[in-house]
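The values are calculated or read from the model by the stated rules, or taken from the named source; none is laboratory data. Given the structure is predicted, the values throughout are model-derived calculations rather than measurements. Here the Cβ positions follow ideal geometry from the backbone for every residue, glycine too, while neighbour counts run over all protein chains shown. The area values use the complete protein model at the heavy-atom level, side chains included, leaving out ligands, DNA and RNA. Shrake-Rupley method; radii C 1.70, N 1.55, O 1.52, S 1.80 Å.
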Amino acid sequence: MSKVKILHGIELVLGGARSGKSRYAEAQSLATGKDVIYIATAGAGDNEMSERIARHQQERPSEWMTVEEPLDLAAVIRQYSQPDNCLLVDCLTLWLTNCLFDPKNQVPWKNRKSDLMMAIAEAPGRIIMVSNEVGQGIVPMGEVSRQFVDESGWLHQEIAAVAGKVVFVIAGLPQVLKDSTV
């Protein structure tokens, strides 16, 4: 078995819906003292999602640059990652949904995931990635739901294996699962 190279500038923040994971990740981004570039993966498909996006935008510091990218996350990471900035990606599960279920998407999921893993391995700056932990419930009955849960779990495992830090946020309380950055 080959040894995994730990990427000390990569942090994965996991949690359930409304767990406080985004708030925690935003605080971590601020604490870096670097310029923060917020990479939003969500699309506003309905009024409720539009309201969520607006609320998140209002809560973020106004000096943060926002880049909206629903599919080509690797390209955005390659474009914006620099030693003097921090990329905050929110969130991987919305990106996964976009990649798996967008009928116009011509790039297979496995290629998108592989490209993301290469982009974070090559990134010279700090990257904090937020994602929903969806694998703690029962196995979903529907094929599409099972595919989503499986792919999100495998994505989280791959990123967690190389990330310098992994945090699980529960009820606003960060639980550090891995920290090789100290």
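Name the single residue that is modelled with the highest pLDDT among those in region 50-84 being among the β-branched types (Val, Ile, Thr) and open to solvent by 30 Å² or more (accessible area, probe 1.4 Å). Lay out the reasoning, then the answer.
First, the residues of region 50-84 that are among the β-branched types (Val, Ile, Thr): 53, 66-67, 76-77.
Among the residues that remain, those that are also open to solvent by 30 Å² or more (accessible area, probe 1.4 Å) are: 53, 66.
Working: 53: 72, 66: 92.
Out of the qualifying residues, it is 66.
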How many of the residues in region 144-164 are open to solvent by less than 60 Å² (accessible area, probe 1.4 Å) and either of a type in the set (Phe, Trp, Tyr) or touching a helix residue (DSSP H, G or I) at 6+ places or on another chain (Cβ under 9 Å) (or both)?
8
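Restricting attention to region 1-37, which residues are of a type in the set (S, T, N, Q) and open to solvent by 70 Å² or more (accessible area, probe 1.4 Å)? Walk me through it before giving the result.
Taking region 1-37 as the starting set, the residues that turn out to be of a type in the set (S, T, N, Q) are 2, 19, 22, 28-29, 32.
2, the sole residue that qualifies.
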Could you check residue 40 against (1) of a type in the set (A, V, I, L, M); (2) over 19 Å from residue 9 (Cβ atoms); (3) buried (at least 19 other Cβ atoms within 10 Å of the Cβ); (4) free of Cβ contacts under 8 Å to residues at least 40 places away in the same chain and say which number it fails?
(4)
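Can you pull out every residue in region 113-131 that is open to solvent by less than 40 Å² (accessible area, probe 1.4 Å) and in contact with a strand residue (DSSP E or B) (Cβ under 8 Å, 6 or more places away or on another chain)? Walk me through how you get there before you give the answer.
So the first thing to find is which residues in region 113-131 are open to solvent by less than 40 Å² (accessible area, probe 1.4 Å), and the list is 113, 116-117, 119-120, 123, 125, 127-131.
Scanning region 113-131 gives 120, 123, 125, 127, 128, 129, 130, 131.
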Selection from region 92-112 of residues that are within 21 Å of residue 127 (Cβ to Cβ) and open to solvent by less than 30 Å² (accessible area, probe 1.4 Å):
92, 93, 95, 96, 99, 109
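Being free of Cβ contacts under 8 Å to residues at least 24 places away in the same chain and at negative phi is the filter here, so list the residues in region 2-37 that pass it. Outline the logic, then answer.
Initial filter on region 2-37 (free of Cβ contacts under 8 Å to residues at least 24 places away in the same chain): 2-3, 18, 27, 31, 33.
Within region 2-37, 2, 3, 27, 31 meet the criteria.
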Of all residues in region 167-182 being open to solvent by less than 80 Å² (accessible area, probe 1.4 Å) and either aromatic (Phe, Trp, Tyr) or out of contact with any His (no Cβ under 9 Å at 6 or more places or on another chain) (or both), the one that is farthest from residue 116 (Cα to Cα)
172
